[in-house]
Amino acid sequence: MEDCIGTLIKRYPRLESCRTSIYKAYEQMKESFERGGKILVAGNGGSASDAEHIVGELMKCFNLQRKINVNLRDKLIAIDCEKGMELAEKLQMALPAISLCNHSSLNTAFLNDVDGRMCFAQQVHGYGVKGDILLVISTSGDSENILYAAITAKAEDIFVIGLTGKGGGKLASIADLMISVDETETYKVQELHLPIYHCFCMMLENYFFK
């Protein structure tokens with residue numbers, strides 16, 4: 001795992017200050033998955049796209065093949081030989097992750113009926129259980145819907161990881177672990193977030209599926 005982080009720092013030397021927090025975040029995610037937990041991810045704007053991106057990398061193969069286990073393969077084929085065989089060949093092992101940005105009916109209903117700033121918090125309350133991880137992405141660390149989600153997670157014993165820009169904003173006083181890149185301009189912060197979460201995804205995939 002140190003090789004993955006070392007390569008990351010070599011390519012992006014400015015992330016040296018984040019080395020320890022990146023590794024700690026990986027360890028928390030790994031332990032959550034080992035306990036049967038999942039990762040909830042949320043962000044706004046470009047960071048919402050990052051949330052979707054992270055889920056896509058965790059829920060299917062990233063760099064490695066993730067063949068399903070023989071027991072599941074045999075069950076699929078026993079239920080339907082033709083379609084079961086096709087499923088057995090094409091299904092991939094997943095690391096369970098949910099983006100909170102993608103549920104338009106729920107989010108717009110909550111926005112209209114209750115309070116749009118708490119759409120993510122509602123989903124944390126509904127999906128989250130003790131032992132899960134909430135990964136929130138905010139370039140400023142001050143987005144209200146992100147703060148409400150983080151507070152809800154903390155109240156429900158869900159570990160909160162913040163991925164932000166320099167200083168971490170208000171989120172820094174709430175999150176259990178912060179990864180704050182040394183930039184303040186939104187697009188520059190986002191440019192450094194992507195290689196960080198690719199590093200997470202690679203390390204997790206190597207650990208569980210190599």
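The values are calculated or read from the model by the stated rules, or taken from the named source; none is laboratory data. This one's a predicted model, so the numbers in the text were calculated from it and none came from an experiment. Every residue, glycine among them, receives a Cβ derived from its backbone with ideal geometry; neighbour counts consider all protein chains shown. The area values use the complete protein model at the heavy-atom level, side chains included, leaving out ligands, DNA and RNA. Shrake-Rupley method; radii C 1.70, N 1.55, O 1.52, S 1.80 Å.
What the table below lists for this structure:
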{"quantity": "Matching residues in region 149-208 - criterion: being in contact (Cβ under 8 Å) with a residue 40 or more places away in the chain, polar (S, T, N, Q) and assigned to a helix (DSSP H, G or I)", "calculated": "Thr186, Gln190, Asn206"}
{"quantity": "Close pairs (8 angstrom Cβ cut-off, 6 or more residues apart or separate chains): over 30 Å from Ala153 (Cα atoms) in region 85-106, open to solvent by less than 80 Å² (accessible area, probe 1.4 Å) and assigned to a loop (DSSP other than H, G, I, E, B) anywhere", "calculated": "Ala88/Ile68; Leu91/Ile68"}
{"quantity": "Test result for Gly56, open to solvent by less than 30 Å² (accessible area, probe 1.4 Å) and either among the aromatic types (Phe, Trp, Tyr) or part of a helix (DSSP H, G or I) (or both)", "calculated": "no"}
{"quantity": "Search result, residues across region 180-192 that are within 18 Å of Lys10 (Cβ to Cβ) and either at pLDDT below 95 or under 18 Å from the mean Cα position of the chain (by Cα) (or both)", "calculated": "Val181, Glu191, Leu192"}
{"quantity": "Matching residues in region 1-53 - criterion: being closer than 18 Å to Phe209 by Cα, part of a helix (DSSP H, G or I) and charged (D, E, K, R)", "calculated": "Glu2, Asp3, Glu27, Lys30, Glu31, Glu34"}
{"quantity": "Residues (open to solvent by less than 50 Å² (accessible area, probe 1.4 Å) and either within 16 Å of Gly56 (Cβ to Cβ) or touching a helix residue (DSSP H, G or I) at 6+ places or on another chain (Cβ under 9 Å) (or both)) located in region 170-188", "calculated": "Leu171, Ile174, Ala175, Leu177, Met178, Ile179, Ser180, Val181, Glu183"}
{"quantity": "Conditions (1) open to solvent by 20 Å² or more (accessible area, probe 1.4 Å); (2) more than 21 Å from Leu204 (Cα to Cα); number of the one not met by Ala121", "calculated": "(1)"}
